[in-house]
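The values are calculated or read from the model by the stated rules, or taken from the named source; none is laboratory data. Keep in mind the model is a prediction, meaning the values are calculated, not measured. Every residue, glycine as well, gets a Cβ built from its backbone with ideal geometry; the counts of neighbours run over all protein chains shown.
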Amino acid sequence: MHQTSAPTANRRRPTPDRWQAALRRAFAQGIEVRQLAGSGMWIATSGTDASVAYEVSQFGCSCPAAEFGDPVCKHRAAYYHLLGILELDDEPEPPTPAAPAAKLVPFPLRGRDAATAAKAVALIERMAELEGDAPAELFPAA
């Protein structure tokens, strides 16, 4: 005998991040919230089927996500936004990438320029020895 069990309620939580994500989806999918003139009931359009609208209130929504126990749906997010309860937070700015470290690029030197450069390198190495810095990082071997 095959035994079936009733579906368990979704254990998702109504966190601020989830409400923000739901509101972004509502905007992206063009969900509209309207109040019916006769009954005063609120409805929200489906984001995927233009012929469907769901009943929505502060207590819930008749969309599939809510029917399966999710306390956060894009329709309620749009409803809360219309009522001024939920505002869309600004997207955080992506972190600025660190500037790449400066790298000395060796170039061919001839004659006097080469001798001057060699003296400069020797001076910097000597100064680094006195200061305790590592000149090898400044002038990698070619």
Pull up the stretch 35-65, narrow it to residues that are in a strand (DSSP E or B) and aromatic (F, W, Y), then point me to the one that is surrounded by the fewest Cβ atoms within 10 Å (Cβ to Cβ). W42
Given (1) modelled with pLDDT of 95 or more; (2) surrounded by fewer than 11 Cβ atoms within 10 Å (Cβ to Cβ), where does R11 come up short, assuming only one miss? (1)
